[in-house]
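Worksheet: one structure, shown below.
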Amino acid sequence: MSELLTELQLHLMVALSGACGTIAVFVLIARNIPLQRRIALMLLETSCMLLLFFDLLAYSYAGNTDHAGYIMVRFTNFMVYELTLMVVLALNLYLSDLMKNEARLKELPKGLTAVNIIICAGLIMVVVSQFNGLYYYFDDQNCYHRGRGFLISYIFPVFAPAIQLYEIIRHRKSFSRRILISLILFITIPVTAAFIQIFTYGLSVINISIVGVAIFVYVATLYDIDKKIERANNLEIQFLQEERKSMQRLFDQTASAFVNALDERDGYAKGHSARVAEYAGMIARESGKSEKECDEIYFAGLMHDIGRIGVPESIIHKDGELTFEEHKVLEQTPVIGDKILSGITEYPFLRTAAHYVNERYDGLGYPDRLKGDEIPEVARIIAVADHYATMTASQHDRAPYPQIAVREDLIKNSGTVFDPRFARIMVSLIDSDPEYLMQDHGEYFAHETEKEIKVKEYRSSVSRGILIEQSITEISFSSRPGSDTENEYSTPSLVIFDSFDGRTHTDAETIEAFSYLEYGEIWPDGHIICTAARNMEVTVTEKEKGGDSSDQTGDYTITAGRFEDHARIVIESKARKAEIIIALQDSSKYAYIGLTGENCCIENIKVEKKNVELWSDDIPRIAPKITYTDRLEGDIPNIQIDSIRSAATEGIPLKNDLKIEFHAISLPSSHLIWHCPYVILYTAEDKKVFGTDYREYAVIKLNGESAGDNDIAENTINVNKDEFGGWEQWKRHCKEGRECTVNFQVKNNTVITTLLFNDLVIENTTVIKANANAKDLLVSLSGDQCAITDIRIL
């Protein structure tokens, strides 16, 4: 058993000695470890290597009685005792460096100085013991035996580490956790081994334990240095990032100040460049650009119109149409911008965007008439952002367009003026912004009704529209004659209308742009003017007979609501109550109330939505219900969709080679290109659109748009316009009515939907993601402001 332990010990000593030698080489070539600490570690690891090497030789020559054996046994044992103390001395040098550089001590602790003295004394005692056999002696067989003063040799390598341990604990807060643990282990484990060694004769327990923890000290040191380097690198990276952000902020502030000063030349353009930059950044992010690319596109958007500095103010401020010569001057804007920004060589994308932002996707732009992907991507993105920012802001000659009008314009010009990909992204951003948060937040787009309006001439001022809904809306206000019109006729009145922006319009251009429709006008005394409503009927009930029936001063309460294509408005004052029934053009149109009057001040306007809905029995019908489904009925019932997806057909199980044919007609009130049929791919437990456990994979609009839940499906649409005659013709044909054919091809989890409608050939590919099967899908027809009839399933 003892022979086996001895053999295992010798193998372990060889391995540990080799490991220490290798570590010593690594320490020698390491440059990340401070020089003095490197010297201490090299001395430590070299001493450990030699300690085991000589201990191994001592075992090998033990009992060898020849001359070489005689010398080697004595020399190797002497070196073992000396090197044991050298290891403690090396550790003391290592600790001294830690105290100086980690604990930041100006003077070396006295305990470590004492250790140096103790170790030197121990080294001398080893030499002395060679002459008096105090520590050990050899018998006639040249074998090692402990001397009478053997335990004295333990005083130095035990007492010195005890002092070191005291200093380590005293300054423990100065060391990292890993270094502290390695130091404590380096001292406690060999000391513990020393006590074991007293009772274990013939085994090198101390030496092996010393070498083992010495290796651990190196590993801990290396790890600690690595962590420090990592922290330093992170701090450097953080510093560089902060420096970059600081430079970016400086550039942003400088560029913003410059373009704001430029925008000030045109009061209507104030903030335009900043909005373009913001929208361009949003498009870039949605298209999957990196943060760096998004920043570049943002700054390019900020500086895209810098060339306007070279355009005369007479052209910038001109209200009417520009002449041919003035247009030519304006077309120099990108060239001037390119020249101005050419000096910023660090950011070449700035001049690229400024130079090409006015190019068109179809090649009809300026200055170089580039086409399609020939136009740099940054310019294609900014062109879309610039168009949105321009249309949704006030200009010299018009109010800002509402998002719904901008949306249609982007779709119409997709593939001609704008890159279809970025136009689709902008449309998607508009669709995700129902509160109009992206638009210029000027007074024009205040969402709340005014609290007070002053009206001189009739309808010189009209409040923002108050929407009439199925839920009752209550409006209250006070009216009095204007301070400068006390002797003139004064009365409040109402305008009933519909428009994209919920405001009244009077000039032909904005009436068309905002699809303005005026149903009629109403006065508190029951007087009405019917304009575009199909019919209006009024019932007036007098409250105070013989009293002052004037409407010049007083408090008013209006209750309004609607059901389908009929609205009811009740105006109540102290003198009378007037009930007006209005037959709207159809159920698809909105209806707003605008407060106005003549020579009056309308104050304390309050609008409150009531949790009460009107139904067919609450409003007497004064005009027949309009329906556009009185055509031939096919395999499933005809449907009329008065507003977006307000009705849908029953679900049709999807299968390969499924074909659906139907007749579609847009309602007379329709005016947008997406007022057309939609094809929906979905699943639902009850097989109804928006039914139980409803999941929507694709909504394909017959104007060439597609959407769906991106978490469960991916849609790619391609629109062939080879036979397309333009959007105005398309809308006209929709109102006349056209046949539509829809074909489905199903392969695995991919559905290819092909639609032929009104000179457009649309192919949409739907790739179903996990947790769904294309064979389980249903097909439904829906739409917006259209009727679908004669539906045939083939």
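From the P(r) of the range 665-794, could you give the percentage of C-alpha pairs in the tail past 25 Å? Don't skip to the answer; put the middle values down first.
Numbers: 2095 of 8385 pairs.
Tail of P(r) above 25 Å: 25 percent of Cα pairs.
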Quick one: angle between helix 272-286 and the longest Cα principal axis of the chain, in degrees between 0 and 90, rounded to 10, please.
60
Which value at 222 nm does the chain reach when only helices count, each DSSP H run of 4 or more adding -39,500 (n - 2.57), with the total divided by all residues and rounded to the nearest 500 deg cm²/dmol?
-14000 deg cm²/dmol
Place a +1 charge on the Cβ of each Lys and Arg in the chain and a -1 charge on the Cβ of each Asp and Glu, then give the dipole magnitude about the Cα centre in debye, rounded to the nearest 20.
4380
Is the shape of the range 1-159 best called rounded, prolate or oblate, per the rule: a/c under 1.5 gives rounded, else a/b larger than b/c gives prolate, else oblate, with a ≥ b ≥ c the square roots of the Cα gyration tensor eigenvalues?
oblate
Per residue, how much accessible area does the chain have with a 1.4 Å probe, in Å²?
48
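Sort 380-389, 739-748, 585-594 for me by packing, meaning the mean count of neighbouring Cβ atoms within 10 Å per residue, highest on top. Could you put the intermediate results ahead of the total?
Values: 380-389: 26.2, 739-748: 15.7, 585-594: 21.2.
The densest-packed peptide leads the list: 380-389, 585-594, 739-748.
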Which percent of the accessible area of the chain is formed by carbon and sulfur heavy atoms (probe 1.4 angstrom)?
54
How compact and how long is the range 467-580, expressed as Rg and Dmax of its alpha-carbon atoms in Å?
15.5, 49
Relative packing of peptides 689-695, 327-333 - highest average C-beta neighbours within 10 Å first
327-333, 689-695
If I take all pairs of Cα atoms in the range 33-108, what percentage of them are more than 18 Å from each other?
52
From the cross-link list Lys589/Lys688; Lys655/Lys688; Lys701/Lys731; Lys701/Lys735; Lys543/Lys606, the entries with a Cα-Cα span beyond 20 Å are Lys589/Lys688; Lys543/Lys606
R0 of 35 Å, Cβ-Cβ distance Gln729-Lys318: FRET efficiency to nearest 0.05
0.60
Nearest-ten-degree value, helix 110-132 long axis tilted from longest Cα axis of the chain
30
Suppose R0 equals 45 Å. What FRET efficiency, 1/(1 + (r/R0)^6) with r the Cβ-Cβ distance, do Asp630 and Gln241 give to the nearest 0.05?
0.10
Listed highest first by mean packing, meaning other Cβ atoms within 10 Å per residue, what order do 105-111, 122-128 come in?
122-128, 105-111
Nearest-0.05 FRET efficiency for Glu278 and Arg645, computed from C-beta distance (R0 30 Å)
0.45
Nearest 10, in degrees from 0 to 90: the angle of helix 403-413 to the longest Cα principal axis of the chain is 80
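The values are calculated or read from the model by the stated rules, or taken from the named source; none is laboratory data. Fair warning: this is a prediction, and the values are worked out from it, not measured in the lab. Quick reminder, even Gly has a Cβ in these numbers, built from the backbone with ideal geometry, and neighbours come from all protein chains shown. Just so you know, the surface numbers come from the protein's heavy atoms only, side chains and all, with ligands and any DNA or RNA stripped out. Shrake-Rupley method; radii C 1.70, N 1.55, O 1.52, S 1.80 Å.
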